[in-house]
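To start, the structure itself, in structure tokens.
The values are calculated or read from the model by the stated rules, or taken from the named source; none is laboratory data. Remember, it's a predicted structure, so these values are computed and weren't measured experimentally. Here the Cβ positions follow ideal geometry from the backbone for every residue, glycine too, while neighbour counts run over all protein chains shown. Quick note on the areas: whole protein, heavy atoms, side chains included, nothing else; ligands and nucleic acids left out. Shrake-Rupley method; radii C 1.70, N 1.55, O 1.52, S 1.80 Å.
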Amino acid sequence: MAFEAHRRIEANALLLSVLTMLAVAVGGLVLLIPPYLLAGTIEPIAGVAPYTALELEGRDIYIREGCSVCHSQQVRPFKTETDRYGRYSLAGENIYDRPFLWGSRRTGPDLARVGGKYPASWHWLHFHNPRDLEPRSNMPAFAFLAESELDTSGTSRKLEVLRELGHPYSDADIAGAAASASAQAATIASALRASGISLSPVEEHSETIAVIAYLETLGRAIRSEPPEKLDLGRPVDE
């Protein structure tokens with residue numbers, strides 16, 4: 001009987017279309033309504049701040065180059081993951097991420113806690129040729145990023161749009177975005193030189209420097225807080 005009823009629906013193109021649209025609509029509402037109800041209920045964790053101008057540009061390059069396809073940024077609450085990557089990810093630490101880069105695939109390691117794990121020189125060499133540091137790596141080289149000077153002409157506008165979405169950027173942050181990015185890039189370049197890496201004028205303000213700035217900020221706020229202040233609970237064994 002159920003099969004016959006199903007055949008009657010399939011034989012009626014109009015009825016099938018209406019029921020299909022109804023199913024899609026119900027499914028869409030189930031996905032869309034909960035986030036709207038949760039809007040404003042998640043607070044940033046102490047120590048989590050909006051990205052600086054340079055970090056924001058580095059994040060955009062990270063997305064542009066498809067890094068999030070191979071690297072997740074979500075440590076799940078399993079002992080096998082917390083032992084390797086650190087404390088599991090919390091919603092409050094990603095409140096300034098647009099879009100989220102949690103991911104579900106790990107061709108490479110998770111990067112949610114990579115900030116502070118390696119010096120800037122390690123990242124510089126790793127981008128130039130990953131196999132110089134890890135012979136088994138299948139990550140492509142991104143040496144060309146060091147040859148591309150960072151374009152900050154649209155950085156102020158990016159901060160302005162993010163402020164409209166709720167990020168606490170001030171007028172001074174927006175007006176001085178390019179200068180801020182240049183100053184932070186100079187600090188990273190100085191650290192690279194101190195490690196024995198020679199930089200050309202273009203490399204000093206390259207896209208590689210911006211991505212390093214972004215990676216260096218990932219997960220640092222969580223690691224700087226004692227566990228009891230974060231109320232993380234106990235990891236669940238996988």
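Looking only at the range 172-186, count how many residues are more than 17 Å from A49 (Cβ to Cβ) and open to solvent by 60 Å² or more (accessible area, probe 1.4 Å).
2
Rundown of residues vs (1) buried (at least 16 other Cβ atoms within 10 Å of the Cβ); (2) without any contact (Cβ under 8 Å) to a residue 40 or more places away in the chain, yes/no style:
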residue: Y62; (1), (2): yes, no
residue: P77; (1), (2): yes, no
residue: Y88; (1), (2): yes, no
residue: A91; (1), (2): no, no
residue: G103; (1), (2): yes, yes
residue: E147; (1), (2): no, no
residue: L159; (1), (2): yes, no
residue: L162; (1), (2): yes, no
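Confirm whether W102 is farther than 29 Å from G176 by Cα and part of a loop (DSSP other than H, G, I, E, B).
yes
Please specify each residue of the range 192-216 satisfying the condition of being surrounded by fewer than 16 Cβ atoms within 10 Å (Cβ to Cβ), in contact (Cβ under 8 Å) with a residue 24 or more places away in the chain and closer than 18 Å to W122 by Cα.
S195, G196, I197, listed by residue number.
Quick check on my filter: what residues within the range 5-54 are in contact (Cβ under 8 Å) with a residue 40 or more places away in the chain, open to solvent by 60 Å² or more (accessible area, probe 1.4 Å) and of a type outside the set (D, E)?
I42, A46, G47, A49
Scan the range 118-142 and report the pairs whose first residue is acidic (D, E) and whose second residue is modelled with pLDDT of 95 or more, with Cβ atoms within less than 7 Å and a gap of 6+ or a chain change.
Between residues of the range 118-142 that are acidic (D, E) and residues that are modelled with pLDDT of 95 or more, the close pairs are D132/L125.
Restricting attention to the range 97-112, does a residue exist that is more than 23 Å from K158 (Cβ to Cβ) and of a type in the set (V, I, T)?
Among the residues of the range 97-112, at least one is more than 23 Å from K158 (Cβ to Cβ) and of a type in the set (V, I, T), which makes the answer yes.
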